[in-house]
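The values are calculated or read from the model by the stated rules, or taken from the named source; none is laboratory data. Owing to the predicted nature of the structure, the values given are computational and were not obtained by experimental measurement. When we count neighbours, we look across all protein chains shown, and the Cβ atoms used for this are built from the backbone with ideal geometry, even at glycine.
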């Protein structure tokens, strides 16, 4: 399993999660540091969605961008790609990076188990609250 963080998230999240999951054969990557995929800090959402959807790896997306569900082109690409995602709740914007990263680490085992059973193309909001479930989002 590979975890992708887009430009609406800090690269810190990918780095700390990667340190946790890499020993288990998984990896976490941030879009800015994926030149082998042709990605950089200017990569459009439609481009990374399409590319990850065409990749043979199982990708889980972590984004702070709720607009993917509302923008026609991005939404169409998302549905076609069949990716699964956790969308960070707006409260992550106001949470210090170290605390937000700790939530991702704390919740990762539950996130991994939950998303493995989710339908292709689904999205779930990830709350900063460690005890809250995963809220399904309409795509």
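For segment 94-113, a residue qualifies if it is without any contact (Cβ under 8 Å) to a residue 60 or more places away in the chain, surrounded by 11 or more Cβ atoms within 10 Å (Cβ to Cβ), touching a helix residue (DSSP H, G or I) at 6+ places or on another chain (Cβ under 9 Å) and in a helix (DSSP H, G or I), and the qualifying residues are 102, 103, 111. Mind checking which residues of segment 40-57 are loosely packed, with under 12 Cβ neighbours inside 10 Å and closer than 15 Å to residue 30 by Cβ? Residues satisfying the conditions are 41, 42. For residues that are part of a loop (DSSP other than H, G, I, E, B), within 16 Å of the chain's Cα centre (by Cα) and under 27 Å from residue 93 (Cα atoms), tally how many sit in segment 42-64. Adding up the residues that qualify gives 3. Residues considered: 22, 67. Of these, the only one that is modelled with pLDDT under 95, loosely packed, with under 14 Cβ neighbours inside 10 Å and outside any loop (DSSP other than H, G, I, E, B) is 67. Just to be sure before I move on: is residue 119 exposed (fewer than 12 other Cβ atoms within 10 Å of the Cβ), farther than 18 Å from residue 12 by Cα and modelled with pLDDT of 95 or more in the structure I sent? The answer is yes for residue 119.
The set of residues from segment 130-139 being modelled with pLDDT of 95 or more and surrounded by fewer than 17 Cβ atoms within 10 Å (Cβ to Cβ) comprises 135, 136, 137. The condition (being in contact with a helix residue (DSSP H, G or I) (Cβ under 7 Å, 6 or more places away or on another chain), surrounded by 13 or more Cβ atoms within 10 Å (Cβ to Cβ) and modelled with pLDDT of 95 or more) is satisfied by just one residue among 60, 79: 60.
Is it the case, given these coordinates, that residue 88 is at pLDDT 95 or above and touching a helix residue (DSSP H, G or I) at 6+ places or on another chain (Cβ under 7 Å)? In short, no.
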